[in-house]
Amino acid sequence: MAKRGKSGGRNGERSMAGVVEVPKGTRPDGPVEGVYYIDTGDCELIADQDNSNGWLLKINGVMSSHIDLADPLFLDFEYMRWMAALIESRWPPKPKTGPAARLRGLHLGGGACSLARYFHGAYPDARQVVVELDGKLAEYVRGWFDLPKAPLLRLRVGEAREVTETLTADTRDFIIRDVFAGALTPRPLTTREFNEHVRRVLAPGGMYVVNSGDAPDLKNAREDAATIAASFEHTVIIADPAMLKGRRYGNMVMAGSDIPFDGDPQLARRLLGGAVPAHIWNDAQVRAFAAGSPVRHDPPTPSIAP
């Protein structure tokens, strides 16, 4: 199940809403505040007290997503803004010459599809697939929010690794990993072997972007960085200074690609201009950060005795 961190609290996180019963085989017609039973537990839809068009989604007690029904280009969570800024630095939505890129995106982890809505708004011709483990949650999200229809946006119910392994090579410009079980991403989505599947699916020049959550010891983040650096020639990390220094629990955005991240000064300025200013580390800094940490691998396949 996806988990998405957020910088700071909000009044809208507290709710006394009761359980909402949705008749079997039906889909809600727009958002209604309350608790909903889903395949993997429960989720809670909360009206944002600071934004009359905003909705917050908790999944199994963890704040997961924010949606602004009136403005798909509004991202409330800082780390999602960092992801969007990084992707837009490579493929500007409004290039100085020529049309905008017709991007092909894969989102591993669905939630409320906040980033998928954003990229549809920024790149109207984009083709995106969102992989969500929880089928009931996917039904609810379709009913609650104004999501683009297929083929612009497809919601595919399934386990993220299994789906990724079935995809055709060179068919995605970006892949976003934002899947959590508790505080960490499930290990099968963090190994060198999985990253090789991601590389196969990415088109030349594509980008793999991950949300890496960690505690102040940064052990998980260093291993994530080491594994991504082992699979991709070029890497970056984006995070706020407190997170980079191991002063709090939070989110780092990491990315890998087969071509350099070009050190766009406009990207650096954009990251510094948010409510939570962030720094971007280049490939050398990422590899220094990861030095000495193990690269994660799939467990060995058990041998079958003759």
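Against the longest principal axis of the chain, how steep is helix 135-144, in degrees 0 to 90 to the nearest 10, with axes from Cα atoms? With rounding to tens, the tilt is 60 degrees. Could you tell me which of rounded, prolate or oblate describes region 128-253, using a ≥ b ≥ c as the square roots of the eigenvalues of the alpha-carbon gyration tensor, with rounded for a/c under 1.5 and, failing that, prolate when a/b is larger than b/c and oblate otherwise? Oblate. Net charge in the neighbourhood of Asn282 (other residues with Cβ under 12 Å of its Cβ; Lys, Arg +1, Asp, Glu -1) is -2. Which residue fluctuates most in the GNM of the chain (Cα springs below 10 Å): His197, His234, His66? In this elastic network of the chain, the residue with the biggest mean-square fluctuation among His197, His234, His66 is His197. Among beta bridges from DSSP that stay inside the chain, the antiparallel ones total about 60%.
What fraction of the DSSP beta bridges in region 162-296 is antiparallel, stated in percent and rounded to the nearest 5? Within region 162-296, antiparallel bridges account for around 75 percent of the total.
Report the net charge of residues surrounding His234, where surrounding means a beta-carbon distance below 14 angstrom and charges are Lys +1, Arg +1, Asp -1, Glu -1. Within the 14 Å Cβ shell, the charges total -2. The trypsin sites (Lys or Arg not before Pro) of region 200-306 that DSSP puts in a loop, and whose beta carbon has at most 15 other beta carbons within 10 Å, are Lys245, Arg247, Arg248.
Electrostatic bookkeeping for Pro204 treats Lys and Arg as +1 and Asp and Glu as -1; over the other residues with beta carbon under 13 Å from its beta carbon, the sum is +1. Take Ala150 and Asp39, extend 7 Å from each Cα along the Cα→Cβ direction, and tell me the distance between the two endpoints in nm. Between Ala150 and Asp39, the simple spin-label model gives 1.5 nm.
Working from label points 7 Å from Cα in the Cα-to-Cβ sense, the Arg102 to Asp29 distance is 3.6 nm.
Computed 3J(HN,Hα) for region 122-128, one whole-Hz value per residue from the Karplus formula 6.51 cos²θ - 1.76 cosθ + 1.60 where θ = phi - 60°, is 7, 10, x, 9, 4, 10, 10, glycine and proline marked x. Considering only Met83, Met254, Met207, give the residue with the highest GNM mean-square fluctuation for the chain, with springs between Cα atoms whenever their separation is below 10 Å. Among Met83, Met254, Met207, the largest GNM mean-square fluctuation belongs to Met83. Computed from phi, the 3J(HN,Hα) profile of region 33-45 under the Karplus parametrisation 6.51, -1.76, 1.60 (θ = phi - 60°) reads 4, x, 9, 10, 7, 10, 5, 9, x, 8, 9, 10, 9 Hz, with x in place of Gly and Pro. In this structure, the residue pairs whose Cα-Cα separation is over 20 Å, taken from Lys96/Lys149; Lys58/Lys245; Lys24/Lys136, are Lys96/Lys149; Lys58/Lys245.
Just so you know, all these numbers are worked out from the coordinates, no wet-lab data involved. Being a predicted model, the structure only gives us computed values, none of them experimental. Glycine also receives a Cβ, built like all others from the backbone with ideal geometry; neighbour counts cover every protein chain displayed.
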